[in-house]
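These notes are about the structure you will find just below.
The values are calculated or read from the model by the stated rules, or taken from the named source; none is laboratory data. All of these numbers come straight from a predicted model, not from anything done at the bench. Positions of Cβ are backbone-derived with ideal geometry, glycine not excepted, and every protein chain shown enters the neighbour counts. Just so you know, the surface numbers come from the protein's heavy atoms only, side chains and all, with ligands and any DNA or RNA stripped out. Shrake-Rupley method; radii C 1.70, N 1.55, O 1.52, S 1.80 Å.
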There are 2 protein chains.
Amino acid sequence: MDLSALDAQNPDHWRRAACIRTLTLDAVGAANSGHSGMPMGMADVATVLFEKHLSFDASAPDWPNRDRFILSAGHGSMLIYSLLHLTGYADMTIDQIRNFRQLGAITAGHPEYGHAKGVETTTGPLGQGIANAVGFAMAEESLRARWGRKLIDHYTYCIAGDGCLMEGISQEAIGLAGRHELSRLIVLWDNNNITIDGAVSLSDRTDQKARFAASGWDVFDCDGHDPADIDRALGEAKASPRPAMIACKTHIAIGSAAQDTAKGHGALTDPKLIADTKAAYGWKYGPFEIPGDLKAEWEAIGSRGRAAREAWEAEFALQSATRQASFTRAFAGDMPPKLSATIKALKKQISETRPKVATRKASEMALEVINPIVPETLGGSADLTGSNNTKTADLGVFSPEDRKGRHIHYGIREHGMAAAMNGMALHGGVRPYGGTFMCFTDYARGAIRLSALMGVSVQYVMTHDSIGLGEDGPTHQPVEHLAMMRATPNCLVFRPADAVETAEAWELALSQKSTPSVLALSRQGLPTVRVDHKTRNMVAQGGYVLADAEGKRQAILMATGSEVAIAMAARDLLQADGIGTRVVSMPCWELFEEQPEAYRKRVLPGGPVRVAVEAAVRFGWDRWLFGERGKREKSGFVGMHGFGGSAPAEDLYAHFGITAEAVAEKAKSLLK
Amino acid sequence: MDLSALDAQNPDHWRRAACIRTLTLDAVGAANSGHSGMPMGMADVATVLFEKHLSFDASAPDWPNRDRFILSAGHGSMLIYSLLHLTGYADMTIDQIRNFRQLGAITAGHPEYGHAKGVETTTGPLGQGIANAVGFAMAEESLRARWGRKLIDHYTYCIAGDGCLMEGISQEAIGLAGRHELSRLIVLWDNNNITIDGAVSLSDRTDQKARFAASGWDVFDCDGHDPADIDRALGEAKASPRPAMIACKTHIAIGSAAQDTAKGHGALTDPKLIADTKAAYGWKYGPFEIPGDLKAEWEAIGSRGRAAREAWEAEFALQSATRQASFTRAFAGDMPPKLSATIKALKKQISETRPKVATRKASEMALEVINPIVPETLGGSADLTGSNNTKTADLGVFSPEDRKGRHIHYGIREHGMAAAMNGMALHGGVRPYGGTFMCFTDYARGAIRLSALMGVSVQYVMTHDSIGLGEDGPTHQPVEHLAMMRATPNCLVFRPADAVETAEAWELALSQKSTPSVLALSRQGLPTVRVDHKTRNMVAQGGYVLADAEGKRQAILMATGSEVAIAMAARDLLQADGIGTRVVSMPCWELFEEQPEAYRKRVLPGGPVRVAVEAAVRFGWDRWLFGERGKREKSGFVGMHGFGGSAPAEDLYAHFGITAEAVAEKAKSLLK
């Protein structure tokens, strides 16, 4: 490809874009790993975006009203690292660029939220970024409606590649954005015709513009190497009353011997290729060298938004103290102080009235008192609103007609919902929670894992958490999903036993600032086991003695959720036979693990027998069956040993032998 | 809605379709649970499909060349159960219909593969069926090319609802089908405008016809209650040279008070509503009653394909004995007898040459000897062909131009790939395997779980199985995924230590007829630890003594995959200090668990100390740290305690302390 024409037409632009390209070549070359082609191909688009459109201030990366820039095609991480360095983000030094992909550097292989300022979300698993972007744009709409345009009024830009658009999650995101007419969302598609295996046409012939248009987007084209054309398309996209997709025709690895090839997607590390490519760019500088004049031009771009940011701060200072405090609290992710008292009052009422309700219903009861005092919550469900009990009385429905509505009909899109919630949480100022059936954590896994990896506080309301779901059968009955989520680092899995524990779980979940929570909730009604009101949040300890042995302790029964009542009934049977039995409720293993060892040993002392009860697979329970003082004890497990079945819930519990009688028998047999 | 006009126009059709509708009302009413509206709404479409187009023989449900009918909208299970009963499938008695959703019945809440004949795949988790259908259609194309039109030449029909089409997996399926021009695939979209939460427009405004067309499908419309129009559309769809989607405009819960409402989606159980609806249908019969003349009409439909089936059998009988045996073997899911000898020869060669190769490369080495002798394998990768090492030398690439090609470029579509592979395996005659990075089991979870639930032998080639992936960082590094898959019932998780174990794992995986396998394979090179050739397949025992203690046994080190070499090096360190150390390789926990307890105790006797080493979270390991004779032993774990990092692999192993020195130190500290 003859680059001289491009250079000649727009020499200033060309030199600025070349900074991104050469930093990419140098960093990938030094790391001997990475992805060169995408940052090289999209450098012109990104340069125009940052230079002419993106509202940001490199000296204030956390300015709440900045435009958000999301690199969904995260393998092209050197694109964003280059931009952050060039525009003057303080933490993105040239040494960080030099240490691309090395231990301890903030320049990870894929952009990681929390490492470098300016990285709005973790990307790399394809399609996540575009779905995050939908969440960012929804948060912006919600916040603009709530706080007014003077405080929140910005765009969300997203660069997505062919990989992002082939992943199914992108369709969920596209559909959601189209339905909600998210006009502040602009997706720049890196249309380079190349994937790892070769030409895109090897695996896909989709007309992407037609596909987006089918879901209510406005679509635009541009020559991704012509700055004027890029600028025009961005202007048109911003003016569009619908979400906009710009198909940017680009050449991957432009100017290199690997241009327009799958090889160009990966790491270009051959020194001669790098040298030749720089020569083709007319680049005369050393590795990692950005000449002063160019750096100054880029830093001017980095401060383009400074006046706007300062004007925003002045505007913010004019707000009432109450509004300022509320805004700041919400963006800090803090709960209002009165949450604790509100939950205590609810707990007291439950312990007194002792309702027999499903914990999904108990979750709604908690949300009914939470949502009015935490105005930043944004609830939702993946088309199971009435089953997940996520929509409280006065929440309203989010829509283009009512941006103040706080419940979102996500549609049958678990993965898109989870990723959008990640985007909302990352945007700040809102607190998303959303529901589906526990079994469909499967569908949302890719995004739930990223909640945990990024450390964002998203609440997953996962109802119908066992065979207690009944007739819908094994396709809808989780058995391995508790284990799956408990195995995930930095994720709290709550499985509350009754309405009191559910209220406590909600308080704890919302109080997390850097950890997502999964609330595993029953379909079926459960008796109140916490019949004595305690102001203390017992779930906070993860596991605790719900009922101690009368007389000499001979057995410890451990259970979670709907099986705690079964353990309590088994305790009655055992005590009636003179067998002193303790019941330990273990609603959150992760919090129990975090307690001092002495506490755990007090809760789980010598038994001499232990039985765990959970309507799920045993996998993971050996930690508690053998752990702490349990090593020398006899122990057993009452639960599932395979997939469930289709029948009324009570029939299934009997069929799979998860009953008080079976638990008591197991304890007795171990005592023999 | 006035049904009399419909009735008057096509009274015979109307009465036949009413059989489906009334059986649905009766079964859902009796179960007091289920989904009435969809079978009622799609009864006309299904009646015309079965009566005029679907090639099948109810008396021979396993006829290999039958058309396949897939109910992707699986909640409408009474549609297919009614059809199977009416057309005379022997196992689908009226008692089974009466026992809809009850324990032990073959009429589960959602259609379950393996329960009732005629149910080609398990559906219910939305979107799976349409993606399975793509796999069925790909299998048909492959088999038709291989065996000729006289043996394989059929259509795949799929009924999908709005939920299926909102799930992201549907886009992956649509894109794949469009690219491969699967002209024998016909999707009937139940276009009823209703989801559980209300109108589809609450969450989606997508023009589905435009969306399918954008990916290369032909699209058609029909009035889903006009049999002539349905027949016309089906005829046109069959004639189309591309995959076809027919938008069937229907009324959910037609004729009932809940017609066209979200209430109609669920269980209609009110006796008056049921009675009124039957009256509107002009139905005069008792519950579960199908008058003899109507049953006879339906059974005639059930035998429509008998002549075609018999002609096929006659044709099959004309084939050579070799072809017959090969066809029968492939459809039975049996491996050729020489597989065992082939693997043994490969193992011998590896043990002699002792290569240091990544197990993903070892997997390719195994496939290089397997694929030539197992001609039914269909390999593939989700756009990581060169990284997953799934494409062996002579496999060819499946495409419209070469249907005999046996490697599939699935594109960046892990979920769609997994579901398509399920479809292929269910079709029979082909053996699918496909690859992606282990971390992206997340994306494919929904379909992998169904492989396990259905019991189909799909091989998941999951490479880059730990922090050994290196610089791509934590977004691409599995840490909880081994636990996640091990927790899943009926799924073999193989994590081989070297090229010998990899070959053994492949032999075992392919020998499974009702269990899928996940092969967790390293990116990085691993030394051959099985240096002494054994003809016996050692992986078949799941865990075994790789190297025993010299002198008195003081420590047992347990490891899998890439950490076995680390355990062996730790053993060298410990033995040098006079500490007798056994190394147990545990490539497949599930198979080890299936061994007699006596064997497990021989492999894991008293230690007196045990250390497990795995570059993953500890979750699940307590089973082996404390289990068997380990309860009274001291034990420790060397592995991951959170997410990974972005750096060269060796730096990460050192950083996270997963080294021979750390393992030896752990053992020594426990011995103190």
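For B:Val461, the criteria (1) within 15 Å of the chain's Cα centre (by Cα); (2) crowded, with 24+ Cβ neighbours inside 10 Å; (3) over 16 Å from B:Leu521 (Cβ atoms) hold in every case but one, which is (3). Scanning segment A:365-383 for residues that are farther than 20 Å from A:Ala425 by Cα and either buried (at least 24 other Cβ atoms within 10 Å of the Cβ) or without any contact (Cβ under 8 Å) to a residue 12 or more places away in the chain (or both) gives A:Ala366, A:Asp383. Report yes if B:Val609 is over 23 Å from B:Pro478 (Cβ atoms), crowded, with 22+ Cβ neighbours inside 10 Å and touching a residue at least 60 places away in the same chain (Cβ under 8 Å), otherwise no. In short, yes.
Of the candidates B:Ala60, B:Ala18, the single residue that is under 19 Å from B:Lys295 (Cα atoms), under 32 Å from the mean Cα position of the chain (by Cα) and among the small types (Gly, Ala, Ser) is B:Ala60. Of the helices (runs of 4 or more DSSP H) lying entirely inside segment B:612-672, the ones with 3 or more residues being at negative phi and more than 11 Å from every other protein chain (Cβ to nearest Cβ) are found at B:660-671. B:Ser33 passes every criterion in (1) within 18 Å of B:Ala262 (Cα to Cα); (2) assigned to a helix (DSSP H, G or I); (3) touching a Lys or Arg at 6+ places or on another chain (Cβ under 9 Å); (4) not aromatic (Phe, Trp, Tyr) apart from (2). Could you please let me know if A:Ala569 is within 30 Å of B:Asn99 (Cβ to Cβ) and more than 14 Å from chain B (Cβ to nearest Cβ)? So A:Ala569 passes the test. Cβ separations smaller than 8 Å between residues 6+ apart or across chains give the following pairs from segment B:187-211 residues that are facing chain A (nearest Cβ under 7 Å) to residues that are of a type in the set (Ser, Thr, Tyr) and part of a loop (DSSP other than H, G, I, E, B): B:Thr195/B:Ser203; B:Asp197/B:Ser203; B:Ser203/A:Tyr410; B:Asp204/A:Ser215; B:Arg205/A:Ser215; B:Thr206/A:Ser215; B:Asp207/A:Ser215; B:Arg211/A:Ser215. Based on what the data block shows, is B:Glu315 of a type in the set (Asp, Glu), touching a residue at least 12 places away in the same chain (Cβ under 8 Å), outside the structural domain of B:Asp190 (by the TED database) and assigned to a helix (DSSP H, G or I)? Judged against the criteria, B:Glu315 is a match. Among residues of segment B:75-114 being more than 14 Å from every other protein chain (Cβ to nearest Cβ) and not in a helix (DSSP H, G or I), the one that is least open to solvent (accessible area, probe 1.4 Å) is B:Met92. Entry remark, segment A:386-414: residues being more than 10 Å from chain B (Cβ to nearest Cβ), assigned to a loop (DSSP other than H, G, I, E, B) and modelled with pLDDT of 95 or more number 13 in total. If you go through segment A:167-186 and pick out every residue that is within 7 Å of another protein chain (Cβ to nearest Cβ) and either hydrophobic (A, V, I, L, M, F, W, C) or in a strand (DSSP E or B) (or both), you end up with 1. What about B:Ile159, is it open to solvent by less than 10 Å² (accessible area, probe 1.4 Å) and either in a strand (DSSP E or B) or more than 7 Å from chain A (Cβ to nearest Cβ) (or both)? Against the criterion (open to solvent by less than 10 Å² (accessible area, probe 1.4 Å) and either in a strand (DSSP E or B) or more than 7 Å from chain A (Cβ to nearest Cβ) (or both)), B:Ile159 qualifies. Taken together, the residues in segment B:415-448 that are part of a helix (DSSP H, G or I), open to solvent by 10 Å² or more (accessible area, probe 1.4 Å) and within 11 Å of chain A (Cβ to nearest Cβ) amount to 3.
Screening A:Asp577 against (1) open to solvent by 50 Å² or more (accessible area, probe 1.4 Å); (2) within 11 Å of another protein chain (Cβ to nearest Cβ) leaves a single unmet condition, (2). Looking at segment A:477-508, which of its residues are free of Cβ contacts under 8 Å to residues at least 60 places away in the same chain and either aromatic (Phe, Trp, Tyr) or surrounded by fewer than 24 Cβ atoms within 10 Å (Cβ to Cβ) (or both)? Those that are free of Cβ contacts under 8 Å to residues at least 60 places away in the same chain and either aromatic (Phe, Trp, Tyr) or surrounded by fewer than 24 Cβ atoms within 10 Å (Cβ to Cβ) (or both): A:Pro489, A:Asn490. I'm told B:Asp62 meets every condition in (1) surrounded by fewer than 24 Cβ atoms within 10 Å (Cβ to Cβ); (2) without any contact (Cβ under 8 Å) to a residue 60 or more places away in the chain; (3) in contact with a Leu (Cβ under 8 Å, 6 or more places away or on another chain) except one. Can you identify the failing condition by its number? All conditions are met except number (3).
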